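Have a look at the structure below before the remarks.
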Amino acid sequence: MADIFQKINELADKYRDYTAKNLSKLVQIQSESMGEKLVQLELKRQMEEAGFDEVRIDGLGNVIGRIGNGKKILAFDGHMDTVGEGNPANWNKHWLSGEIDNEFVYGRGTVDQEGGPAAFVTSGRILKELGFDKDMTLLFVGTVMEEDCDGLCWKYIVEEEKIRPDFVVSTEPTNLNIYRGHRGRMEIRVTFQGISCHGSAPERGDNAIYKASRGALEIEKLNNNLGNDEFLGKGSVTISEFKSGSPSLCAVSDYAHLHLDRRLTWGETKELAVKQVEEVVAQFGGKVEVLHYEEVAYTGLKYGMEKYFPTWKIEENHEFVQAGVRAFSGLFDKAPKVDKWTFSTNGVTINGVYGIPCIGFGPGNEVLAHAPNEKVAIKDLVVASAFYAGLAYEI
Ligand SMILES: [Zn+2]
């Protein structure tokens, strides 16, 4: 294996500029959620150029590149949609510049997370060049709509495409550490009804804003009483939106709702989270619902899911984590750090819903995700392209 690892490292180094240029091309194509068509065509072109056995685009718009045809399936996931620009004044370079210098590739998506797919295209090229012939199918998947609804793309792949990998690597940024989980999340709406009347005589009505405000203060307290997990950290809840209405600005409000961002730690389920909120808002007449996501993909397909994104983790001694650790140590002659993400990824369905063993390994630092002046170190791209190829041999 030492021999293979050495060859992989040599090729990853040799293709350093190729990887950086591929990433630059992806970054220059604006690709917010539901607008990924052009970036997907470019990713498909890159996989074809790299010599993949087959590359196709599924009904939701995911690009699926394949190498090999064996029974065991190892998949690499990287979402191709990015968030928007934000305030242009905060950027030192144009957000879609894709500029390359000696050290970095710059622009939206370099970290979150087109760097992972750019690296795995190179891994595919390396594996083809080395004549990879294990009895395995490797799938390299550039997914869509993750920023809008994490995990939806994998719901589509598992349930509609009937593809169920044995292992999945998420290439979301991990700073080249191996990650094995993160907290789940859900979006909850609490609605309060009031009775309007003329604002000159408020005692005749029932003001929804007062009820929602009391409910909001209870939710603030609830945040201090949520579960904790040694590895994943504490569950949390916050109110991200407060909306109300009334027939006129001279009337008592007859409607208000709170939008809750709930982060779920280990052991916290949808049922538990809903019950906890119900318990504190019932006294003010609050009605609790878990929201539903439904949008039209760039392919024209309407698809959705409940906005419940389960917590997931796999144990450090799991065979897949350990295969990752061995591939890393074998390639780079040091032990990796095994940790977790702060944010949420497609792992919520891959492992959280379907129980498919999942680890994370990706170039770039999570703290630059969704931030201005996003950039990724080219040496990180090289390491990632070597790791994905090495893992395919190690697993
Ligand atoms: Zn991401």
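Among 55, 27, 296, determine the one that fluctuates most according to a GNM of the chain built with springs between C-alpha atoms less than 10 Å apart.
Residue with maximal mean-square fluctuation among 55, 27, 296: 296.
Report the full-extension gain for the segment residue 162 to residue 41: residue separation times 0.36 nm, less the Cα-Cα distance, to one decimal in nm.
Here the answer is 41.3 nm.
Distance between Cα centroids, the stretch 33-104 to the stretch 160-199: provide it in whole Å.
What the calculation gives is 21 Å, centre to centre.
Describe numerically, in nm with one decimal, the distance between label points set 7 Å from Cα along Cα→Cβ at residue 210 and at residue 248.
Those two pseudo-labels are separated by 2.1 nm.
In a Gaussian network model over the chain where Cα atoms closer than 10 Å are linked, find which of 272, 264, 152 has the largest mean-square fluctuation.
272
Go ahead and run the numbers for FRET between residue 292 and residue 269, Cβ-Cβ distance against an R0 of 22 Å, rounding to 0.05.
Between residue 292 and residue 269 the formula returns 0.80.
Which ordering of 153, 358 is given by a fewest-first count of other beta-carbon atoms within 10 Å?
153, 358
Within the set of other residues whose C-beta is less than 12 Å from the C-beta of residue 223, count the net charge using Lys and Arg as +1 and Asp and Glu as -1.
Numbers: positive: 221, 234, 262, 263; negative: 218, 220, 261.
My count for the surroundings of residue 223 gives +1.
Between residue 241 and residue 83, what is the label-to-label distance in nm when each label sits 7 Å out along the Cα-to-Cβ direction?
1.6 nm
List, in the order given, every pair from 221/307; 72/134; 270/313; 211/275; 155/287; 7/72 whose Cα-Cα distance in the structure shown is over 21 Å. All intermediate terms of the calculation are to be shown ahead of the outcome.
Working: 221/307 23 Å; 72/134 10 Å; 270/313 17 Å; 211/275 19 Å; 155/287 29 Å; 7/72 24 Å.
Beyond 21 Å: 221/307; 155/287; 7/72.
If I take all pairs of Cα atoms in the stretch 1-65, what percentage of them are more than 18 Å from each other?
The proportion of pairs with Cα distances above 18 Å equals 50 percent.
Relative to the longest principal axis of the chain, what angle (0 to 90°, nearest 10) does the C-alpha long axis of helix 16-27 take?
Its long axis makes an angle of about 30 degrees.
Between residue 283 and residue 17, what length comes free when the chain is fully extended (0.36 nm per residue of separation minus the Cα-Cα distance, one decimal in nm)?
Length gained between residue 283 and residue 17: 89.5 nm.
With springs connecting C-alpha atoms under 10 Å apart, model the chain as a Gaussian network and identify which of 203, 374, 316 has the largest mean-square fluctuation.
203
Modelled label-to-label distance, residue 71 and residue 322, 7 Å Cα→beta-carbon offset: nm?
Those two pseudo-labels are separated by 2.1 nm.
What is the magnitude of the charge dipole of the chain about its Cα centre, with +1 placed on the Cβ of each Lys and Arg, -1 on the Cβ of each Asp and Glu, and no other charges, expressed in debye to the nearest 20? Write down the numbers at each step before the final one.
Working: 44 positive and 59 negative charges, 39 e Å.
Roughly 180 debye for the chain.
Which lysines, if any, have their Cα less than 21 Å from the Cα of residue 21, not counting same-chain residues under 8 positions apart?
37, 44, 93, 128, 375, 379
Treat the count of other C-beta atoms within 10 Å as a stand-in for reagent exposure and order 174, 345 from fewest to most.
174, 345
Between the alpha-carbon centers of the stretch 306-345 and the stretch 222-301, tell me the distance in whole angstrom.
For the stretch 306-345 versus the stretch 222-301, the Cα centre distance is 30 Å.
Of the options 393, 205, 153, report the single residue whose Cα projects farthest towards the positive end of the charge dipole of the chain (beta-carbon charges: Lys, Arg +1; Asp, Glu -1).
205
If you take the beta carbon distance between residue 195 and residue 93 as r and set R0 to 51 Å, what does 1/(1 + (r/R0)^6) give as a FRET efficiency, to the nearest 0.05?
0.40
How much mean residue ellipticity at 222 nm does the chain get from its helices, if each DSSP H run of length 4 or more adds -39500 (n - 2.57) and you divide by all residues, to the nearest 500 deg cm²/dmol?
On the way: 10 runs with 123 residues, N = 395.
When only DSSP H runs of four or more count, the value is -9500 deg cm²/dmol.
Residue by residue, what Karplus-based ³J(HN,Hα) values in Hz, rounded to whole numbers, does the stretch 247-258 have, using 6.51, -1.76 and 1.60 with θ = phi - 60° and x for Gly and Pro?
Going residue by residue, I get x, 7, 6, 10, 8, 6, 5, 10, 6, 8, 9, 10 Hz, with x marking Gly and Pro.
Based on other C-beta atoms within 10 Å, arrange 1, 34, 186, 80 from fewest to most.
1, 34, 186, 80
Bear in mind that the values in this text are calculations on the coordinates, not laboratory data. Not measured: the values here are computed from a predicted model. Virtual Cβ from ideal backbone geometry, glycine too; neighbours counted across all protein chains shown.
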